[in-house]
Amino acid sequence: MSSKTSIANAALALLGDDISIISFSDDTKAGKYVSLMYPQALDFVLRTYPWRFALKRWSLPKTTEKPVYGYENVFVYPSECLRVIKVDGNWKFTVEGNRIYSEADTFNFTGIQRITDTAKFDSSFTYALTLYLAAQLCPAITGDISLQKSLMEQYNTYLEQAKTTSSFES
């Protein structure tokens with residue numbers, strides 16, 4: 001099981017130097033950038049692919065709010081939901097801001113939830129997050145754009161491998 005700090009340190013290690021942090025509140029260049037970029041990297045990598053550990057089913061009641069046009073009902077988009085993956089039924093819908101518009105009376109869907117507890121991450125996700133975080137930290141920590149490009153290529157290749165592996169689990 002990895003902690004946020006160990007994921008950050010693994011990302012920093014990919015940058016080549018002996019850079020590490022003790023915590024996200026370290027008053028160092030690495031600590032400041034990790035603290036800034038980790039939450040964004042986490043949400044990005046979660047949103048990029050329907051990782052099984054992050055899937056959740058929601059059933060939303062309609063609000064009393066009425067759309068100006070286009071749909072019959074309005075639903076409040078759950079704040080912990082990063083992306084709608086699959087809607088139960090053949091309902092058309094759209095997401096605008098923190099609202100979902102649809103014809104459904106109850107909006108049932110599977111989506112990606114924001115998971116911050118690293119104990120719930122699977123190893124494939126942890127490695128993908130490590131690669132992506134390293135790529136995002138690279139310009140600020142090393143200034144090496146070619147290394148950043150290489151890390152992004154590794155991330156994209158790894159993500160494709162993870163998708164293939166995951167397809168066998170469905």
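The values are calculated or read from the model by the stated rules, or taken from the named source; none is laboratory data. On a predicted model such as this, the values are computed, not experimentally measured, just so you know. With ideal geometry, Cβ positions are generated from the backbone for all residues, glycine too; neighbour counts draw on all protein chains shown. Please note that ligands, DNA and RNA were not included when accessible areas were found on the heavy atoms of the full protein model with its side chains. Shrake-Rupley method; radii C 1.70, N 1.55, O 1.52, S 1.80 Å.
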Convex hull volume of the Cα atoms in the chain, per residue, in Å³?
142
Loop-resident GluC sites (Glu not before Pro) in segment 1-104 with no more than 14 other Cβ atoms inside 10 Å, DSSP not H/G/I/E/B, are E65, E72, E80, E103
Diagonalise the Cα gyration tensor of segment 36-95 and give the resulting equivalent ellipsoid semi-axes, square root of 5 times each eigenvalue, largest first, whole Å.
26, 14, 10
Would you work out what percent of the accessible area of the chain, with all protein chains in place, is carbon or sulfur (probe 1.4 Å)?
50
Average accessible area per residue (Å²) across segment 29-169 - probe 1.4 Å, nucleic acids and ligands excluded:
55
In µm²/s, what is D for segment 100-139 at 4 °C and 1.567 mPa s, where D = kT/(6 pi eta Rh) by Stokes-Einstein and Rh is the Kirkwood radius from Cα pairs?
98
Tabulate in residue order the Karplus-calculated ³J(HN,Hα) for segment 11-16, using 6.51 cos²θ - 1.76 cosθ + 1.60 with θ = phi - 60°, rounded to whole Hz; enter x for Gly and Pro.
5, 5, 4, 5, 7, x
In whole percent, what relative contact order does segment 63-120 give with Cα contacts below 8 Å and a gap of six or more residues?
37
How high is the FRET efficiency from D27 to T106, r the C-beta distance, R0 41 Å, rounded to 0.05?
0.25
Equivalent-ellipsoid semi-axes (√(5λ), Cα gyration tensor) for segment 91-157, whole Å, largest first?
35, 16, 11
